[in-house]
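The values are calculated or read from the model by the stated rules, or taken from the named source; none is laboratory data. The structure presented is a predicted model; accordingly, all values stated were derived computationally and were not measured. Cβ: placed from backbone, ideal geometry, glycine included. Neighbour counts: every protein chain shown. Areas reflect the complete protein model, heavy atoms only, side chains present, ligands, DNA and RNA absent. Shrake-Rupley method; radii C 1.70, N 1.55, O 1.52, S 1.80 Å.
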Amino acid sequence: MAKVHPLPIVEVAEYVTSKRESFTIWMKSLVMQGNGCTVFNENGEIVYRIDNYDNRGSNEVYLMDLRGRVLFTILRKVWLFGGWKGYRGDNGDKLNKERPRFQVSKKGQITLLSSSSNAETSCYKLEAGKSAFKIVDCSRGDVVAEARRKQSSNSGVLLGDDVLTLVVEPQVDHSFIMALVTVYGLMRHRL
């Protein structure tokens, strides 16, 4: 008789690699009548899903891995200046609203917060255009991730404006970058 073995739990360290990685972002949800996007790796395998299970422009959006485990919950701040806050995990994990992992202003200023306190640890800038964006490390000026409209590899024809290629530099947490992709989708009213 065959034995069933559970899949190993993926740790956050597995979302960081030592090489440059490319992803395809399709700004459509795989969930029927859902609002979100799907992320594929270089081999065409689904690696992340972003869904809000509500209406477009929802105040709460989830970034999940392939197995459906919530990696980040993105909440819209509704006070005067607006913006978004990103938390590790989801409400089922008793989301600690006192300790966001990052926050993003409406102007695209990203503040990565320490997990032990709300002390600022690093700063990034989300520079967004109509169908492209890049994430820049403020302290070094380096681009850590960049997305643009995807071109077909054979003919170089641009695909629809809902299909992007995302290139993430080495030693950068992919799950964090995908959480920022979520914010980009919210900023562009695509999620």
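Please go through the stretch 12-41 and pick out each residue that is modelled with pLDDT of 85 or more, loosely packed, with under 15 Cβ neighbours inside 10 Å and within 17 Å of the chain's Cα centre (by Cα).
Residues satisfying the conditions are Arg20, Ser22.
Within the stretch 130-149, can one find any residue that is modelled with pLDDT under 75 and loosely packed, with under 14 Cβ neighbours inside 10 Å?
Checked against the condition, which is being modelled with pLDDT under 75 and loosely packed, with under 14 Cβ neighbours inside 10 Å, the stretch 130-149 yields at least one hit.
If you take the residues of the stretch 181-191 that are at negative phi and assigned to a loop (DSSP other than H, G, I, E, B), which of them is least open to solvent (accessible area, probe 1.4 Å)?
Looking at residues that are at negative phi and assigned to a loop (DSSP other than H, G, I, E, B), I get Leu191.
Anything in the stretch 160-180 that is closer than 13 Å to Phe102 by Cβ and in a helix (DSSP H, G or I)? List them, or say none.
Ser175, Phe176, Ile177, Met178, Ala179, Leu180
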